[in-house]
Amino acid sequence: MKGSPFFWILMIVFVSFSCIRQPVSEKELNENWQFSQAGEKDSHKATVPGVVHTDLLVNKLIDDPFFSLNELELQWIGETDWEYKTTFFADEELLKNEHIEIVFTGLDTYAEVFLNGKPVLKADNMFRKWTVDCKGKLKTGNNELTVKFYSPLKVDSLKASKLPYSFPDSRAFTRKAPYQYGWDWGPRFITMGIWKPVYLRTWRDARIENIRIVQDSVTSDAAYYTSYFEIESSLEQDGFISVIDDDFNEIINKERVRFEKGTKEYPVTFYVDNPKLWWTNGLGKQNLYHFRFLMQANNSIDRKYKRIGVRTLKLVQQPDSIGESFYFQLNGVPVFIKGANYIPQDNFPSRVTARHYSKVIKSAVDANMNMLRVWGGGIYEKDLFYNLCDEKGILVWQDFMFACNMYPGDSAFLNNVEQEAEEQVKRIQYHPSLALWCGNNESDEGWHNWGWQKSLRYTKQDSVEVWSSYLNLFEKILPDVVQEYSPGIAYIPSSPRIGWGHKKAMYEGDMHYWGVWWGEEPFEIYEKKVGRFMSEYGFQGFPDVKTLRACLDSSDINLNSKALRNHNKHPRGMEIIDTYMKREYKTPDNFERYNYISQLIQAHGVTKAIEAHRRAKPYCMGTLYWQLNDCWPVISWSGVDYYNRWKALHYFVREAYKPLLISFEKENDSLHVFIVSDEQKEYQATLELKLEDFAGTKLWSKNIPVNIPKNSSKIYYEVKVSGLTKEMNRQNIVLSAKVILKELTLADKNFYFALPKDLELPSSLITKSIKRSPTGYQIIIATDKLAKNVFLSIDDEGFFSDNYFDILPGENKIIEFKTNKTIENFESRLKIMTLKEID
């Protein structure tokens, strides 16, 4: 057969047919961009992707927007229209393509696009992709592409003037990241620009627009999926679509289909044999499978690559004897959620690099988190963010981008939002890390509890219209999109379900509790206000002093500085920090020590809440504090600051989120010792309790054999404080607890019988020995008497493996300072501060 003429004729036909299949081509248009203020002749070099603020900064036309009070001087930028322009070359070969398109993956926000002087597109949504058909509009040689941006403030004002009522905030009209208008932790920078890549795309008669993957069923033998090839075809034609296992380069399924003209989804089933399950951080491995999705048409070939994780995941909301549950079940296991709320990493998100993403997700993983909530006042994150969450076992609670507002109900706005939702849901839906879709942040609570209708003087008709628009958007349009394109992933209309001022909020749904901070209630209230799932609560703390030095003149590093106070966006932030500090700690008059105490008060308060939530398991099954990170250098609720420096909070959270936790609960004269386990195995261990004074004199001890069930929370010891500490000075004693298994410490915790400000802390002799290590420097610290909240710092970059910790007499603490360079005079430059120094 191989030697016959017929064989070679077949081979020639096959090769010829294969050769004419042209792949989709994409070339990024990121060169030769210039920008200018609308109406001005002078233009300057622009970076795409980017925004006007960063382009002005690079060209030294403005000072650093984050420095000092510069924010206040730069508001004109957002009030101004801007123009971006480039030229690109098109040769005759390019012009022969059947389809030539310019694809803008992100335009911020109101934009008009011109190609060779002719209008080709109007855009009005930062969160959508925009495609321009260029066939017949390009010429051989240089082509001019112009994008004009119009101030969202002007557009907002115009739209607001056409309604008989007002919304809580005029940013409601614009599909743009709400936080860029300012928030109580972020500055106001109204950005404009080509904030995501722009491509020149060519193709022949068919291409893949998207691949959607739906998990149909999972058993121990196999996981079954349906992939949906979204194909755009310029004609009705036959073709092939294939699913290929990229780990083994094996075709799993290949089907011949009839492509219709236009865009349509075509299903292809596939499966994974003997699947290894995907687990969250702390529960198991993040097993991932790699697939290639191939389309072949008469003259075109295209492919997409996806990774999937095999898991079952559902949000369980069922009536019970208390109210209604709210917990996530992963692979049949109820998971206690430990995490934080995540905001965009920069006010100018186009400059957030892969390194930034890697660092922030690593910080979450290292703090034993298993979920991040992508908050609804920011942006839908890059694919890289979700990929990292897949790899590291971080579940994603995904808000749609609506927050603290009511929204228009006209068809143009709703159609725009529906397309936005479809694009984003299709893009994100296949990730194993995706756990929940949520319609908005606090809009429902604001409507029912914040007095909007009264303060905005709504008539009855106004209220009916605004609330009807709300219901249409969040209880019809968005859930319908999720159901169609992301079946199997739960949707809730708003977070929280019920405002924290209502008793019912304690018994069902998720809860935002802001009685602490906004209500200035004591931290102890956290132990009483525990709902079924705590999705917001928090407290502010200062960032690292180095962070403040990067954004302030040295003369402004004082508590009364206008520049410093501009870097706390809460209207009463500084005063509230001071109020709580005076309740719990001695208030220092030295700035660096005040900074140190502010971090301790933040860490103390938030971890008190976390421990109360974990002790309440399984009544409460999740805790997400506000917030993980910052978008600029600021005094805020974050645990990790803008430069990814850990505050005391993040070190404390890492301990509070460990799989095995010892937690003390004091009720009147009773002291309860809890052990909380998120482990999926039991432990037969020993609970060691020791009472000693700050000089190390043992006053009492007890060893208790304990059986710790998997996934549990239980009291293992109870004692009357009056009896335990009889005739003792409670301001000079500490109760330490450890869970010991075969001489290995699985968990430990200290309990003090007085507020930090009332402790009679001794002057301790702290010794340290330092040597080089493969990752930087190893520091061994010891003390003759209690050293409380030991804080290590150095005027150089690096990371301390632990900080703000207690050392009891007779114990050693080994710390790694991680750095990739040699630091001269490291030992003499290493500073140690303790709580005693505040006396």
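The values are calculated or read from the model by the stated rules, or taken from the named source; none is laboratory data. Everything numeric here is computed off the predicted structure, so don't read it as measured data. Here the Cβ positions follow ideal geometry from the backbone for every residue, glycine too, while neighbour counts run over all protein chains shown. Side chains included, ligands, DNA and RNA excluded: accessible areas come from the protein's heavy atoms. Shrake-Rupley method; radii C 1.70, N 1.55, O 1.52, S 1.80 Å.
Observations
- If you sort 641, 246 by accessible surface, 1.4 Å probe, largest first, the order is 246, 641.
- Using C-alpha pairs under 8 Å with a sequence gap of at least 6, the mean separation divided by the residue count of the stretch 255-391 gives a relative contact order of 18 percent.
- Signed unit charges on C-beta, dipole axis of the stretch 464-504, positive-most listed residue 498, 468, 485: 498
- Heavy-atom accessible area for residue 447, with the other protein chains in place and a 1.4 Å probe, reaches approximately 20 Å².
- Too-long pairs where the Cα-Cα distance tops 19 Å, listed order kept, from 698/749; 586/831; 503/666; 118/264: 586/831; 503/666; 118/264
- For 105, 146, 131, the ranking by accessible surface with the largest value first comes to 131, 105, 146, using a 1.4 Å probe.
- For a paramagnetic label modelled on residue 391 (point 7 Å from Cα along Cα→Cβ), amide N atoms under 11 Å away are absent within the stretch 299-313.
- The long axis of helix 591-615 is offset from the longest Cα principal axis of the chain by roughly 80 degrees.
- Cα-Cα over 30 Å, subset of 338/836; 582/788; 681/702: 338/836
- Summed side-chain charge close to residue 695 - residues other than residue 695 whose Cβ falls under 9 Å, Lys, Arg +1, Asp, Glu -1: -2
- Near-label residues of the stretch 654-668 by backbone N, under 11 Å of a point 7 Å along Cα→Cβ of residue 679: 659-661
- In the stretch 686-793 the Cα-Cα distances spread across 5 Å bins starting at 0 as 2, 9, 17, 18, 17, 15, 11, 8, 2, 1 percent of all pairs.
- Reported to the nearest whole Å, the Cα centre-to-centre distance from the stretch 746-821 to the stretch 170-245 is 47.
- Here the label points at residue 811 and residue 698, each 7 Å from Cα along the C-beta direction, are separated by 1.5 nm in the simple model.
- The stretch 459-524: relative contact order as a whole-number percent, Cα under 8 Å and 6+ apart: 18
- Per residue accessible area in Å² of the chain, where ligands, DNA and RNA are left out and the probe is 1.4 Å: 41
- On the basis of the beta-carbon distance and an R0 of 30 Å, residue 220 and residue 260 show a calculated FRET efficiency of 0.15.
- Expressed as a fraction of 2.2 N^0.38 Å, the value expected for a compact globular protein of N residues, the C-alpha radius of gyration of the stretch 114-228 is 1.58.
- Farthest positive-ward along the chain dipole, Cα basis, beta-carbon charges - from 808, 168, 147: 808
- Where trypsin sites (Lys or Arg not before Pro) fall in DSSP loop in the stretch 689-738, at most 14 other Cβ within 10 Å: 710, 726
- Centre separation in Å (Cα based) which lies between the stretch 103-121 and the stretch 641-703: 57
- Square roots of 5 times each gyration tensor eigenvalue, C-alpha, the chain, largest first, Å: 50, 33, 28
- The stretch 439-556, relative contact order [Cα under 8 Å, separation at least 6], %: 22
- Here residue 314 is the anchor, and the aspartates and glutamates within straight C-alpha reach of less than 16 Å, apart from those fewer than 8 places off in the same chain, are 216, 324, 510.
- Computed from the Kirkwood radius of its Cα pairs, the Stokes-Einstein diffusion coefficient for the stretch 70-136 at 37 °C and 0.692 mPa s stands at 230 µm²/s.
- A viscosity of 0.890 mPa s and a temperature of 25 °C, combined with the Kirkwood radius over Cα pairs in Stokes-Einstein, give a translational diffusion coefficient for the stretch 564-649 of 174 µm²/s.
- Placing 827, 381, 232 in order of accessible area, with the largest value first and a 1.4 Å probe, yields 827, 232, 381.
- Note on the chain: with charges restricted to the Cβ of Lys and Arg (+1) and Asp and Glu (-1), its dipole about the Cα centre is near 920 debye.
- In order along the stretch 483-488, phi translates into HN-Hα couplings of 4, 6, 10, 9, x, x Hz, rounded to whole numbers, per the Karplus curve 6.51 cos²θ - 1.76 cosθ + 1.60 with θ = phi - 60° and x for Gly and Pro.
- Residue 681 exposes around 110 Å² of accessible area when a 1.4 Å probe is run over every protein chain in place.
- R0 of 35 Å, Cβ-Cβ distance residue 383-residue 772: FRET efficiency to nearest 0.05: 0.30
- Share of carbon and sulfur in the accessible area of the chain stands at 49%, probe radius 1.4 Å.
- R0 of 45 Å, Cβ-Cβ distance residue 744-residue 583: FRET efficiency to nearest 0.05: 0.75
- Computed over the Cα atoms of the stretch 759-818, pair by distinct pair, the Kirkwood hydrodynamic radius stands at 12.1 angstrom.
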